[in-house]
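Take a look at the structure below.
Coordinate-derived values only; no laboratory data. Note that the structure is a prediction, hence the values are computed from the model and not measured. Positions of Cβ are generated from backbone atoms using ideal geometry, with glycine treated the same way; all protein chains shown enter the neighbour counts.
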Amino acid sequence: MQRKNNFLKSSKNGIAMIMAISTIVIISTIMALSLAMSSKTSKSINDLYLYEQSLLYAKSATEYTLLKIAQNPPCSNLDENFTQDNIYDINISISYIYYKNASEDPQTICDTNGGILYTTVSTPEQNGTALIDVKVSVTDSSVASEKIVYFRRTLQKL
């Protein structure tokens with residue numbers, strides 16, 4: 001009597017099952033990696049948008065400060081801190097540069113109007129300059145994945 005050999009038939013079914021499981025594992029790994037990369041990309045796009053907005057707010061704050069300087073007496077204290085759109089913290093500080101001559105002392109003018117005299121210059125052509133520092137920051141961790149700070153320093157002839 002001859003035995004029937006069912007060994008080869010059963011091993012073919014097992015190999016097909018192993019190949020199917022390994023294919024599912026490879027596809028799921030690729031899908032997980034693509035999902036992780038897309039979430040990182042969306043975070044970086046959001047941070048880039050917030051940084052560009054900070055840059056534009058810094059330019060606007062500088063222009064706003066120049067308008068305030070033109071509307072007030074020389075060497076006035078016009079430093080401001082405010083929040084824009086409940087996200088951006090904007091800090092503006094101004095220092096002045098004036099010519100020191102015999103008739104008027106720039107430190108006295110700045111003390112009278114509450115401003116900060118940064119330095120004095122030696123020639124009348126350099127008289128009347130403002131050093132404007134604008135800092136825009138996003139510190140809310142629910143909006144940005146990391147802290148965003150943009151600093152702009154402007155030296156403006158008055």
What residue among 45, 35, 88 has its Cα farthest toward the positive end of the dipole of the chain, where the charges are +1 on Lys, Arg and -1 on Asp, Glu, each on the Cβ?
35
Whole-number percent relative contact order across the chain, with pairs defined as alpha carbons under 8 Å at least 6 apart
22 percent
For the chain, set up a GNM with springs between Cα atoms under 10 Å and report which of 52, 125, 80 has the largest fluctuation.
125
Residues in the range 140-158 reached by a label modelled at residue 121 [backbone nitrogen below 11 Å; 7 Å Cα→Cβ]:
156-158
Of the options 106, 116, 65, report the single residue whose Cα projects farthest towards the positive end of the charge dipole of the range 61-131 (beta-carbon charges: Lys, Arg +1; Asp, Glu -1).
106
Tally Lys/Arg at +1 and Asp/Glu at -1 over every other residue whose Cβ is under 15 Å from the Cβ of residue 134; what's the total?
0
R0 = 25 Å: FRET efficiency of residue 91 with residue 113, Cβ-based, nearest 0.05?
0.75
So how strong a dipole does the range 7-157 carry about its Cα centre when Lys and Arg Cβ are +1 and Asp and Glu Cβ are -1, to the nearest 20 debye?
1140 debye
Can you tell me the orientation of helix 7-71 relative to the chain, as the angle in degrees between its alpha-carbon axis and the longest Cα principal axis, to the nearest 10?
10 degrees
Given a Förster distance of 35 angstrom, what is the FRET efficiency for residue 142 paired with residue 80, based on the Cβ-Cβ distance and rounded to 0.05?
0.85
Highest-fluctuation residue, 22, 34, 44 considered, GNM on the chain with Cα pairs under 10 Å:
22
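At a Förster distance of 25 Å, what's the computed FRET efficiency of residue 133 paired with residue 42, Cβ-Cβ distance as r, to 0.05?
Efficiency, rounded to the nearest 0.05: 0.15.
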Starting from the 7 Å offset along Cα-to-Cβ, what nm value, one decimal, do you get for the label separation of residue 64 and residue 19?
6.8 nm
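Note down the relative contact order for the range 43-128 as a percent, whole number, built from C-alpha pairs under 8 angstrom at least six residues apart.
The value is 26 percent.
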Quick check: Cα centre of the range 42-62 to Cα centre of the range 91-144, how many Å?
26 Å
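Looking at the calculated P(r) for the range 7-157, what percent of the C-alpha pair distances fall above 29 Å?
Result: 49 percent of Cα pairs exceed 29 Å.
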Most mobile of 79, 105, 133 per a Gaussian network model of the chain (Cα springs, under 10 Å)?
105
